[in-house]
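These notes concern the structure reproduced below.
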Amino acid sequence: MKASVKNPALAEKHVARVVEVCRLIESAEEMPNLKQLAVHAGLSVYHFHRVFKRVTGLTPKSYAVAHRAKRVRDQLERSGTVTEAIYDAGYNSNSRFYEKSKQILGMTPSSYRAGGANTEIRFAIGECSLGSILVAASGKGVCAILLGDDPDALAHDLQDRFPKSNLIGGDVEFEQLVAKVVGFVEAPAIGLDLPLDLRGTAFQQRVWQALREIPAGSTASYTEIANRIGSPKAVRAVARACAANVLAVAIPCHRVVRNDGELSGYRWGVERKRALLKREAGAR
DNA sequence: GGTTCTCTGCCGC
DNA sequence: GCGGCAGAGAACC
């Protein structure tokens, strides 16, 4: 399915304008509002909004919000105080930032500033029908479910994924959590009622949310997911977001297949993908 | 809780 | 392609 671009020259012009607007957002002290951005692009607010979303896959607002979040992360590592970092990043109230800090940073600003280093991630490795499974959780929720053949490789994978965190081998209590996740992997239809700690860009989060809405026993194509999140042209970006998923089964990227129904790649091996899908299809 | 801003479906040019 | 309205929803104060 190829998107028809009737006028390539115009499309290019739009891209150029959107890029410029993105620069404006990035360089502005305060978050510009929609009107200002539209004026900058030389379009009406309405039309500009649509063009921006078509080109980037994000609305101007969510782009700006995501950028501000990135900026505050950078600032927290650099500036003298937490408050300074918050205001420098363009937030105009630090109390409201604190309210949302868990959402934005996954932790409090001060612990983030400590390099994110002092956050603890507990993990344990077990066995399930698909091979070895590693389950890791931060204080916020489950942050990784990895599958593989080699337990050591899984541990390394986790280390690469969370280089700044203290990784702590699981204790007895944690083993219960692992057991729960293993149970869920064996029978995904029962659902996993654990909080998840999702770390990704705004776009990735949208993709992952869409994946979680695919019911067990059915599949969707990358194109369908792109349509569902309102970015029909972002098929490749969708595929990349799926590949970036570290929560096997909990975010069911295994339910995404090629347009022709064939299985495409799977981070943890196509055979596991096939096994999962077969099991889910049978459980219906 | 009211207000303002964002977002989208729909229509007209 | 572009602008605009209406109305719902989210963010803000």
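The values are calculated or read from the model by the stated rules, or taken from the named source; none is laboratory data. Worth saying up front: this structure is predicted, and the values here are computed from it rather than measured. Glycine gets a Cβ as well: all are built from the backbone with ideal geometry, and neighbour counts include every protein chain shown.
Observations on the structure shown:
- Qualifying helices (runs of 4 or more DSSP H) (wholly inside the range A:57-173; at least 3 residues being in contact with a helix residue (DSSP H, G or I) (Cβ under 9 Å, 6 or more places away or on another chain) and either under 30 Å from A:His47 (Cβ atoms) or of a type in the set (Gly, Ala, Ser) (or both)): A:60-78
- Among the residues of the range A:245-274, those that are surrounded by 15 or more Cβ atoms within 10 Å (Cβ to Cβ) and among the aliphatic types (A, V, I, L, M) comprise A:Val246, A:Leu247, A:Ala248, A:Val249, A:Ala250, A:Ile251, A:Val256, A:Val257, A:Leu263.
- Residue within the range A:182-192 that is surrounded by fewer than 21 Cβ atoms within 10 Å (Cβ to Cβ), out of contact with any strand residue (DSSP E or B) (no Cβ under 7 Å at 6 or more places or on another chain), of a type in the set (A, V, I, L, M) and assigned to a loop (DSSP other than H, G, I, E, B) present: yes
- Per the conditions (1) on the phi < 0 side of the Ramachandran plot; (2) in contact (Cβ under 8 Å) with a residue 12 or more places away in the chain, the sole criterion not satisfied by A:Val270 is (2).
- Considering the range A:90-127, and only residues there that are at pLDDT 80 or above and among the small types (Gly, Ala, Ser), the residue that is nearest to the chain's Cα centre (by Cα) turns out to be A:Ser101.
- Among all residues of the range A:29-45, there is none that is of a type in the set (Lys, Arg), surrounded by 18 or more Cβ atoms within 10 Å (Cβ to Cβ) and out of contact with any Cys (no Cβ under 9 Å at 6 or more places or on another chain).
- Inside the range A:250-265, residues that are modelled with pLDDT of 90 or more and of a type outside the set (Lys, Arg) make up a count of 7.
Residues checked against (1) touching a residue at least 40 places away in the same chain (Cβ under 8 Å); (2) within 11 Å of DNA strand B (Cβ to nearest atom); (3) of a type in the set (A, V, I, L, M, F, W, C):
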{"residue": "A:Val21", "(1), (2), (3)": "no, no, yes"}
{"residue": "A:Asn33", "(1), (2), (3)": "no, yes, no"}
{"residue": "A:Leu37", "(1), (2), (3)": "no, yes, yes"}
{"residue": "A:Gly42", "(1), (2), (3)": "no, no, no"}
{"residue": "A:His49", "(1), (2), (3)": "no, yes, no"}
{"residue": "A:Lys53", "(1), (2), (3)": "yes, yes, no"}
{"residue": "A:Leu58", "(1), (2), (3)": "yes, yes, yes"}
{"residue": "A:Val72", "(1), (2), (3)": "no, no, yes"}
{"residue": "A:Leu76", "(1), (2), (3)": "no, no, yes"}
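- Of the residues examined, A:Ala85 is not one that is surrounded by 19 or more Cβ atoms within 10 Å (Cβ to Cβ) and within 20 Å of A:Asn245 (Cα to Cα).
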